[in-house]
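For reference, the structure discussed in these notes is given below.
The values are calculated or read from the model by the stated rules, or taken from the named source; none is laboratory data. These numbers come from a predicted model, not from an experiment. Quick reminder, even Gly has a Cβ in these numbers, built from the backbone with ideal geometry, and neighbours come from all protein chains shown.
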Amino acid sequence: MENQLKLCRFLLQKYSDIINEREKRTIGEIKALVDGTDLSIQSLAQDFMGAGYLFEEKYEGALKAAFNFVREEITFVDAELNLNYWMSPKEVLEQKVADDEDLAVFICSIMKAMGDGKAEVIIAELESLRTHAFVTTKIGEKFILLDPAQKHDFEKFLGQKKSVLEKYSFNGQKIKNFLYRFNSDKYEQFLDGPSP
């Protein structure tokens, strides 16, 4: 198995230029990844919302169920490959593995399908200078950060925005800069790294 992985890594690196060129996305295409209309996403969202769903009353519970599903059913893989790729929701569900960006897009799409127009995928630069993706939104007056790449509890990063962002880390690395954020309605790049 180790030799197979070694060969796969070699082949992926050898053809990375071709893969990266094919996987390029425009800003419009990136925004469209989070539209919530994919049938796989719609089906999942319906499962989490249940009968009689009202966004204002039941969103937090539905979001917690969605986050727990993604955290438990989809495995985060940090492949450390020099490849840019985007997995579709169907591919994420079939493979049950994804990197941090695909996990963030996946859960943000579910959030959109449940009626959350404020949910955003955030790409941040960490202290180690690596990038990492997660999702933020508001539930009532509370700010929440969801990072399905980590096995954290739903409520771990819930509260006042400033304290949540100060508390957050990934693999012991704090946020150094915010690079960009997007959902189906907007795409914003930060030139000076301000908070989202």
* Answer residue from region 28-52, given it is touching a residue at least 12 places away in the same chain (Cβ under 8 Å) and not in a helix (DSSP H, G or I) and is surrounded by the most Cβ atoms within 10 Å (Cβ to Cβ) among those -> VAL34
* To do: Only residues in region 132-158 that are closer than 20 Å to GLU73 by Cβ count as the first member; pair them with residues that are of a type in the set (Val, Ile, Thr) and part of a loop (DSSP other than H, G, I, E, B), Cβ under 8 angstrom, at least 6 apart or cross-chain, and list the lot.
  => PRO148/ILE74
* Conditions: (1) in contact (Cβ under 8 Å) with a residue 12 or more places away in the chain; (2) touching a helix residue (DSSP H, G or I) at 6+ places or on another chain (Cβ under 9 Å). VAL97 meets all but one. Number of the miss? -> (2)
* Enumerate the pairs (first residue in region 54-74 and under 20 Å from LYS96 (Cβ atoms); second residue anywhere and part of a helix (DSSP H, G or I) and among the aromatic types (Phe, Trp, Tyr)) with beta-carbon separation below 6 Å, excluding pairs fewer than 6 apart on the same chain, so at least 6 apart or on different chains. => ALA65/PHE48; ALA66/PHE48
* Asked: Pick from region 141-196 the residues that are in a loop (DSSP other than H, G, I, E, B) and of a type in the set (Phe, Trp, Tyr): which of them is modelled with the lowest pLDDT?
  -> PHE190
* Out of the residues in region 86-114 that are buried (at least 17 other Cβ atoms within 10 Å of the Cβ) and in a loop (DSSP other than H, G, I, E, B), which is modelled with the lowest pLDDT? -> MET87
* Structure fact -> With criteria (1) in contact with a Pro (Cβ under 7 Å, 6 or more places away or on another chain); (2) part of a strand (DSSP E or B), LYS138 comes up short on (1)
* To do: Could you list, in sequence order, all residues of region 151-169 that are touching a helix residue (DSSP H, G or I) at 6+ places or on another chain (Cβ under 8 Å) and buried (at least 18 other Cβ atoms within 10 Å of the Cβ)?
  => PHE157
